[in-house]
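Undergrad: Can you keep this structure in mind? I'll have questions shortly.
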Amino acid sequence: MNLSVIKGIILDFDGTLADSEKFYFRANRDAFRQYDHEINEEEYYHHWSLLGEGSPGEVQRHGLTGVDLDQVRKVSRQNYLNLVQTETIELFPGADLLLEKLSESGYQVVIASNTRRDIINRILSNAGYETLPVPVIGGDG
């Protein structure tokens, strides 16, 4: 590969830089508890994370009725926000060094994610970044 043609690098956040999946599991698990449904953790990682089926897939797989998916998403987002504000979501080992080296590399580097920018900023701040090493494009824009 000719590296001289590379102008920029786009990094995903969740699961690439931040070890956040277990927090998403907890947020979704707790959102479904209002419907007396317990998400199986092993199933979650396969169907939600790997296959991307999300809450509609959970409802379909388990034949759940009376589940308001909009309400589940709303509660799950709030649960995740609460976790971000009260706990530290760690960056993967070496993620801080990667961000540092890439920001010094001369390449245009950006973090792009479906996660809202303010949440990403909070996670990075909790990881010790007072100023962000690279721009962030979050799910809010």
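Undergrad: What are the residues in the stretch 99-141 that are aliphatic (A, V, I, L, M) and either in a loop (DSSP other than H, G, I, E, B) or within 14 Å of Gly15 (Cβ to Cβ) (or both), if any? Don't jump to the end; show me each part of the working.
TA: Pass one, the stretch 99-141, residues aliphatic (A, V, I, L, M): 99, 102, 109-112, 119-120, 123-124, 127, 132, 134, 136-137.
Scanning the stretch 99-141 gives Ile111, Ala112, Ile120, Ile123, Ala127, Leu132, Val134.
Undergrad: Also, I was wondering about something else. How many residues, within the stretch 58-76, are hydrophobic (A, V, I, L, M, F, W, C) and open to solvent by 40 Å² or more (accessible area, probe 1.4 Å)? Spell out how you get there, then give the answer.
TA: Filtering the stretch 58-76 for residues hydrophobic (A, V, I, L, M, F, W, C) gives 59, 64, 67, 69, 72, 75.
Of the ones still in play, those that are also open to solvent by 40 Å² or more (accessible area, probe 1.4 Å) are 64, 69.
Counting residues in the stretch 58-76 that are hydrophobic (A, V, I, L, M, F, W, C) and open to solvent by 40 Å² or more (accessible area, probe 1.4 Å) gives 2.
Undergrad: Which one is farthest from Ile9 (Cα to Cα), of the residues in the stretch 76-98 that are small (Gly, Ala, Ser) and in contact (Cβ under 8 Å) with a residue 12 or more places away in the chain? Steps first, please.
TA: Of the stretch 76-98, the ones small (Gly, Ala, Ser) are 76, 94-95.
Cutting the leftovers down to in contact (Cβ under 8 Å) with a residue 12 or more places away in the chain gives us 76, 95.
Values: Ser76: 30, Ala95: 14 Å.
Among them, the one singled out is Ser76.
Undergrad: For the stretch 131-139, check the following and say yes or no: at least one residue is modelled with pLDDT of 90 or more, surrounded by 14 or more Cβ atoms within 10 Å (Cβ to Cβ) and within 19 Å of Gln85 (Cα to Cα). Steps first, please.
TA: Initial filter on the stretch 131-139 (modelled with pLDDT of 90 or more): none.
No, the stretch 131-139 contains no residue that is modelled with pLDDT of 90 or more, surrounded by 14 or more Cβ atoms within 10 Å (Cβ to Cβ) and within 19 Å of Gln85 (Cα to Cα).
Undergrad: Right, next: Anything in the stretch 44-57 that is in a helix (DSSP H, G or I), farther than 20 Å from Leu83 by Cβ and open to solvent by 70 Å² or more (accessible area, probe 1.4 Å)? List them, or say none. Break it down into steps so the answer makes sense when it comes.
TA: We begin by selecting, within the stretch 44-57, every residue in a helix (DSSP H, G or I); these are 44-50, 54-57.
So of that shortlist, the ones also farther than 20 Å from Leu83 by Cβ come out as 46-47, 50, 56-57.
Answer for the stretch 44-57, where residues must be in a helix (DSSP H, G or I), farther than 20 Å from Leu83 by Cβ and open to solvent by 70 Å² or more (accessible area, probe 1.4 Å): His46, Leu50.
Undergrad: If you don't mind, there's one more thing I want to ask. Working only within the stretch 83-109, note down all residues that are surrounded by fewer than 13 Cβ atoms within 10 Å (Cβ to Cβ) and either of a type in the set (Val, Ile, Thr) or in contact with a helix residue (DSSP H, G or I) (Cβ under 8 Å, 6 or more places away or on another chain) (or both).
TA: Within the stretch 83-109, Gln85, Thr86, Glu87, Thr88 qualify.
Undergrad: For residues in the stretch 11-43 being aromatic (Phe, Trp, Tyr) and farther than 26 Å from Pro133 by Cβ, which is surrounded by the most Cβ atoms within 10 Å (Cβ to Cβ)?
TA: Going through the stretch 11-43, the residues aromatic (Phe, Trp, Tyr) turn out to be 13, 23-25, 32, 35.
Add one more test, that the residue is farther than 26 Å from Pro133 by Cβ, and what stays is 25, 32, 35.
Values: Phe25: 16, Phe32: 20, Tyr35: 15.
By that ranking, first place goes to Phe32.
Undergrad: Moving on to the next point. Please work out which residue is modelled with the highest pLDDT, limiting yourself to the stretch 1-36 and to residues that are among the hydroxyl-bearing types (Ser, Thr, Tyr) and part of a helix (DSSP H, G or I).
TA: Initially, the stretch 1-36 is screened for residues among the hydroxyl-bearing types (Ser, Thr, Tyr), giving 4, 16, 20, 24, 35.
Next cut, part of a helix (DSSP H, G or I) only: 4, 24.
Details: Ser4: 69, Tyr24: 96.
For the stretch 1-36, the residue satisfying everything is Tyr24.
The values are calculated or read from the model by the stated rules, or taken from the named source; none is laboratory data. All figures in this text were calculated on a predicted structure; none of them were measured in a lab. Backbone-built Cβ (ideal geometry, glycine too); neighbour counts: all protein chains shown. For accessibility, only protein heavy atoms count, side chains too; no ligands or nucleic acids. Shrake-Rupley method; radii C 1.70, N 1.55, O 1.52, S 1.80 Å.
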